[in-house]
Amino acid sequence: MHVLEVRDMTRRFAGMTHPAVDSVSFRVEPGEIFGLLGPSGCGKTTTLRMIAGFESPDNGTVLIREREVVSLPPERRNVGFVFQDYALFPHLSVLRNVMFAMRGTPARLREKRAAELLRMVGLTRVDQRMPDELSGGQQQRVAIARALGADPQLLLMDEPFSNLDVALRDATRREVRALLKEQGLNAILVTHDQEEALSFCDRLAVMNAGKIEQVGTPEEVYHHPRTAFVAQFLGRSNLFEGEADGEIARTSMGALSIRPAAHGRVLLSLRPEHIVLTKGCGGELEGEVVAREFRGHDLTYRVRYEDRSIIAHTEYTHSFYPGQRVRLMAREPAVVLRDMNGSAALVPGEAHG
Ligand code: ATP
């Protein structure tokens, strides 16, 4: 049984030329943390709000554990919410904030259960404090404990980590993921941060302009992007046009292995970490390093090859400098991108990162 099924959901706001959410469909399986990832304005929050019941779809439907919920108000959908700004009650202690949500628990058991939830999110000694006496990460954990207090079938989280500073964000993210997994809870995370979506979610939907462009595991969407948008939104990518003949395509970077096999004109994506740079001149694919960016664990280069700029990553042990001549080689097949209808051969594109 699916925990959630969203079918063909559309929402149009007055004054917008395109729907904010356009025929979106996806499913969340039991125990899964599902991500909605995309740039600002692509419709992530509106999708989440329609699942929660704060917003109604113009078309389509939402099923939670196979029950249609579109006509139900938010409090009858059995979902919990965690927002970016924590939204704790400032005049209630931490414990009372968590107890507040426990409508389903008999009054005499609420305090014990709230204390348990606070322990579960790693907050044991702050029960009696007021929200403004806690750090941002602690407040967000209280918000999660409060959301879990109502015993939801599904936890909806809208950019829950984005108000935390970097160090706290990483740690809170790891702890929350571990907690959700330990408890076997289902959750949907809305985020515009690719790294967050890749590391936090079991599967994710990449959204663009109201539509889902691809659904898959983090590895699938990263290594096998279906569209140019997905390839470029999830990290950097070099795009090439080519003429495909089975598993090989002729491109401006020479003959490249491609996957999946295709025929005719195709648009290809090659990740910067799949390009190897070696010293020296000679060979067909010779370029010049024009920029170098040290990023700690690796180095990113821009290499001018003929009239193109190609982006490549190397390990920190391989160092090149602007002006140096290098040879380029692809060490993985380039990925054949598809259009939204699933057919190969796409828009013309220049190689860029
Ligand atoms: P962000 O990450 O910036 O929150 P998002 O992907 O969550 O973006 P939404 O908030 O879902 O995007 O918004 C999608 C589009 O719908 C945007 O163009 C937004 O301006 C518009 N929109 C959202 N809510 C309303 C509303 N109540 N009335 C009119 N337009 C709206």
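Here are the numbers:
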item: When residues of region 32-86 are limited to those that are polar (S, T, N, Q) and not in a loop (DSSP other than H, G, I, E, B), the one farthest from the chain's Cα centre (by Cα); result: ASN59
item: Every pair of residues 6+ apart whose Cβ atoms lie under 7 Å, when the first sits in region 263-276 and is part of a helix (DSSP H, G or I) while the second is modelled with pLDDT of 90 or more and of a type in the set (S, T, N, Q); result: PRO272/ASN238; PRO272/THR300
item: Single unsatisfied condition, PHE13 versus (1) near the ligand (Cβ under 8 Å from one of its atoms); (2) part of a strand (DSSP E or B); (3) of a type in the set (Phe, Trp, Tyr); result: (2)
item: ARG96 of a type in the set (D, E, K, R) and either farther than 29 Å from ARG67 by Cβ or crowded, with 16+ Cβ neighbours inside 10 Å (or both); result: yes
item: Sole exception among (1) surrounded by fewer than 22 Cβ atoms within 10 Å (Cβ to Cβ); (2) in contact with an Asp or Glu (Cβ under 8 Å, 6 or more places away or on another chain) for LEU268, by number; result: (1)
item: Any hit, region 56-69, residues being more than 30 Å from VAL126 (Cβ to Cβ), crowded, with 17+ Cβ neighbours inside 10 Å and not aliphatic (A, V, I, L, M); result: yes
item: Restricting region 284-312 to residues that are part of a strand (DSSP E or B) and of a type in the set (D, E, K, R), the residue that is surrounded by the most Cβ atoms within 10 Å (Cβ to Cβ); result: ARG302
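The values are calculated or read from the model by the stated rules, or taken from the named source; none is laboratory data. Here the structure is a predicted model, which means the values were calculated and not measured. Methodologically, a virtual Cβ is constructed for each residue, glycine included, from the backbone with ideal geometry; neighbour enumeration extends over all protein chains shown.
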